[in-house]
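Below is one structure; the comments refer to it alone.
Quick note: the coordinates plus some simple rules give every number you see, no bench work behind them. As the structure is a computational prediction, the values presented were derived from the model and not from experiment. All Cβ positions, even for glycine, are placed from backbone atoms using ideal geometry, and neighbour counts span all protein chains on display.
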Amino acid sequence: MAKLPPHLAPLGKYAKSKPPKFHFGWVLDNPDILLDIGKSLGVQPRKHEEDHEDHEDHDSDDDSEDDEESDCTVSMTDVWMRMDALQAVSKELELKNEPYLARVICPGKPNPRVLMISLVENYSLKDGFTRGIDIQNLMKYFDFKTGPMWYLDGYFWMWDSTRFWCSC
């Protein structure tokens, strides 16, 4: 959505409401572009910390079903590298507010939860907004064809979701 309706911004008379979380930015069609950008900017992968799992000898039975379940599709190195690459872009472009990565709902995509570059969320609007020049610089850098839009958060997508997720 191009414009956030006032009742979805917890400000002013809506300050006590708990609307779903929205992020303002661009969906990444290919999140791996951040890995390429990170390499081109000289971003180094973070060092791995030692596993805290028990290092027991495991059965050497070849159980392909277990192997399929344990295959990881995304490594933390890739996740961190994407975040660090975006931080490097922010420094290179001298952005006032640092963009961040968010997982959002985007209907019409093969996987409806996608990664996006976000400039601000509806809960932090009181802290200010992004400068127009920063939006233009990011659009040019990433070759985004349209301006930023509001997207529904992939985890906190309902009203008063804190009560739902953190019911104690």
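So the values come out like this:
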item: Separation in nanometres of the label points that stand 7 Å from Cα toward Cβ, at residue 39 and residue 157; result: 3.3 nm
item: Cross-link partners of residue 47 among lysines (Cα-Cα below 22 Å; sequence separation of 8 or more within a chain); result: 39, 91
item: Reachable lysines from residue 18, criterion Cα separation under 16 angstrom, eight or more residues apart if same chain; result: 126
item: Whole-Hz ³J(HN,Hα) from phi, Karplus 6.51 cos²θ - 1.76 cosθ + 1.60, for region 124-136, glycine and proline x; result: 10, 4, 5, 7, x, 10, 6, 5, x, 5, 5, 4, 4
item: Proximal lysines relative to residue 109, as straight alpha-carbon distance under 23 Å, when same-chain residues fewer than 8 apart are discounted; result: 3, 21, 145
item: Cβ-based exposure ranking for 90, 17, 118, 40, in which fewest neighbours within 10 Å come first; result: 40, 17, 90, 118
item: Backbone N under 17 Å from the residue 29 label point (7 Å along Cα→Cβ), restricted to region 80-124; result: 106-112, 114-117
